[in-house]
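Structure first, then comments.
The values are calculated or read from the model by the stated rules, or taken from the named source; none is laboratory data. Bear in mind that the values here come from a model prediction, so they are computed numbers and not experimental data. We place every Cβ from the backbone using ideal geometry, glycine too, and count neighbours over all the protein chains shown.
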Amino acid sequence: MNIAFYAPLKPPISPVPSGDRLIARMLMQALEGGGHQVFLASRFRSFDASGDARRQQRLEQVGGQLAARLLRRFHEGRERRPDLWFTYHLYHKAPDWIGPHIARALKIPYVVAEASFAPKQKGGRWARGHESVARTLGAADLVIALNRSDMPCLRSRLAGSERLIQLKPFLDCAPWRKAAEQHSQYRKELDAAHEITPGAALLLSVAMMREGGKLCSYRLLARALEKLGTSPWHLLIAGDGPKANEVLSLFAPFQGRFTWLGECDTTQLARLYGACDIFVWPAIREAIGMSFLEAQAAGVPVVGSDGGGVPDVVANGKSGLLAVYGDEDDFVIRLGALLDDPPKRKMMGEYAAGYALREHDLGVASRRLCAVLEELVS
């Protein structure tokens, strides 16, 4: 098939790293892995952060103009006609103003992956986007949920349950597994570069430094570290963003036990995961938590919380420990349990690597996704 791919919130070619960009790229790889041709239909961002009614109206107009332009190119043969339209990440702040027009005009299936529908937004500042999402979901041929917590509200918009399926979040485990094989070497390099106390458990957090759930998570993590016992540890943080100064001030009391690495590319991250002992992240308002998957694929046990989409990507009690969502004291208990028990860390890390490969690898997801889409088109 020739598949038109579109991400209204953030295009997969965005220079700004995020879990959202990563998932978009992974979906494109999964589709290509099934032998399909995938092209980015548009770079247009329909995202409105402020709830500005005029801006939303203008975005809808631009989306309609872009849809008309694309249709002309398809009809004139300047672009190959798609057999299916695939939109990733649809919600009231970033509706799809292009795909539904194209799918109706060309009479091709319209598929949405990771959509969310919030009834409480009806009549609110994003009313236009909310209504668009409601219509889009109602007309979609297939809706793919990556977070099971989204499914009840999505089901309310779909006429038949067969139009809604769940696909487990996934990634290519290969580079992370390879990094795990170099654990000793990478650990020695980090110890030397950042003067880490020999024998200290190496903790790692990977997240953007921005307002919202990320900043709340950093705050909870800093408070939790203050309450830990005497077990030696050293925290590495990979990430950057507009709230960097505020985040760094939270960890200033841990001088000598904390290193900020800034924004890291995939190669650098692989070395960090390969070297560390525990991945830690409170995961406040975390929709999926791709960093948890990266850590587990590298054989690293994780400590997080049981909110959002995290339970979908962590085998609680086997590949890591999940605290009660937002419960600082429970988070301390879970982290302390792994800090004080190196054999348990090793056992959980080994399970984590196998779990990620069995349940969340790119190849597994590609076969599942493509089988569903091929059945839909046929």
Within the stretch 107-124, how many residues turn out to be part of a loop (DSSP other than H, G, I, E, B) and of a type in the set (A, V, I, L, M)?
2
Only residues that are surrounded by 15 or more Cβ atoms within 10 Å (Cβ to Cβ) and of a type in the set (Ser, Thr, Tyr): list them for the stretch 236-260, please.
259
Is it the case that residue 163 is free of Cβ contacts under 8 Å to residues at least 12 places away in the same chain, surrounded by 14 or more Cβ atoms within 10 Å (Cβ to Cβ) and either over 25 Å from residue 18 (Cα atoms) or among the aromatic types (Phe, Trp, Tyr) (or both)?
no
State all residues of the stretch 122-136 that are more than 30 Å from residue 369 (Cα to Cα) and either surrounded by fewer than 18 Cβ atoms within 10 Å (Cβ to Cβ) or of a type in the set (D, E, K, R) (or both); if no residue qualifies, say none.
122, 123, 124, 125, 127, 128
For residue 149, indicate whether it is assigned to a helix (DSSP H, G or I) and closer than 30 Å to residue 349 by Cα.
yes
Return the pair list, or none, for Cβ contacts closer than 9 Å from residues in the stretch 112-140 that are within 11 Å of residue 95 (Cβ to Cβ) to residues that are surrounded by fewer than 15 Cβ atoms within 10 Å (Cβ to Cβ) and of a type in the set (Asp, Glu), at least 6 apart or on different chains.
none
In the stretch 71-92, what residues are free of Cβ contacts under 8 Å to residues at least 60 places away in the same chain and surrounded by fewer than 23 Cβ atoms within 10 Å (Cβ to Cβ)?
71, 72, 73, 74, 75, 76, 77, 78, 79
Of the residues in the stretch 308-336, those that are in contact with a strand residue (DSSP E or B) (Cβ under 6 Å, 6 or more places away or on another chain) and β-branched (Val, Ile, Thr) number 2
If we scan the stretch 32-42, do we find a residue that is more than 25 Å from the chain's Cα centre (by Cα), surrounded by 13 or more Cβ atoms within 10 Å (Cβ to Cβ), at pLDDT 95 or above and not in a loop (DSSP other than H, G, I, E, B)?
no
When (1) more than 14 Å from residue 299 (Cβ to Cβ); (2) surrounded by fewer than 21 Cβ atoms within 10 Å (Cβ to Cβ) are applied to residue 351, the one that fails is (1)
Test residue 188 against the stated conditions and say whether it is in contact with a Lys or Arg (Cβ under 8 Å, 6 or more places away or on another chain) and either free of Cβ contacts under 8 Å to residues at least 60 places away in the same chain or part of a helix (DSSP H, G or I) (or both).
no
Within the stretch 361-376, restricting attention to residues that are in contact (Cβ under 8 Å) with a residue 60 or more places away in the chain, assigned to a helix (DSSP H, G or I) and of a type in the set (D, E, K, R), which residue is farthest from residue 297 (Cα to Cα)?
374
Among the residues of the stretch 311-360 satisfying the criterion of being β-branched (Val, Ile, Thr) and either in a loop (DSSP other than H, G, I, E, B) or under 23 Å from residue 176 (Cβ atoms) (or both), which is nearest to the chain's Cα centre (by Cα)?
313
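A quick yes/no check of all residues on (1) among the aromatic types (Phe, Trp, Tyr); (2) in contact with a Leu (Cβ under 7 Å, 6 or more places away or on another chain):
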{"position": "242", "(1), (2)": "no, no"}
{"position": "250", "(1), (2)": "no, no"}
{"position": "254", "(1), (2)": "yes, yes"}
{"position": "257", "(1), (2)": "no, yes"}
{"position": "271", "(1), (2)": "no, no"}
Checked 14, 18 against criteria (under 24 Å from the mean Cα position of the chain (by Cα), under 26 Å from residue 295 (Cβ atoms), surrounded by fewer than 21 Cβ atoms within 10 Å (Cβ to Cβ) and touching a residue at least 40 places away in the same chain (Cβ under 8 Å)); the one match is 18
If we scan the stretch 26-45, do we find a residue that is in contact with a Gly (Cβ under 8 Å, 6 or more places away or on another chain) and free of Cβ contacts under 8 Å to residues at least 60 places away in the same chain?
yes
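This table checks each residue for (1) over 25 Å from the mean Cα position of the chain (by Cα); (2) on the phi < 0 side of the Ramachandran plot; (3) crowded, with 20+ Cβ neighbours inside 10 Å.
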{"position": "120", "(1), (2), (3)": "no, yes, no"}
{"position": "149", "(1), (2), (3)": "no, yes, no"}
{"position": "173", "(1), (2), (3)": "no, yes, yes"}
{"position": "185", "(1), (2), (3)": "yes, yes, no"}
{"position": "189", "(1), (2), (3)": "yes, yes, no"}
{"position": "197", "(1), (2), (3)": "yes, yes, no"}
{"position": "204", "(1), (2), (3)": "no, yes, yes"}
{"position": "226", "(1), (2), (3)": "yes, yes, no"}
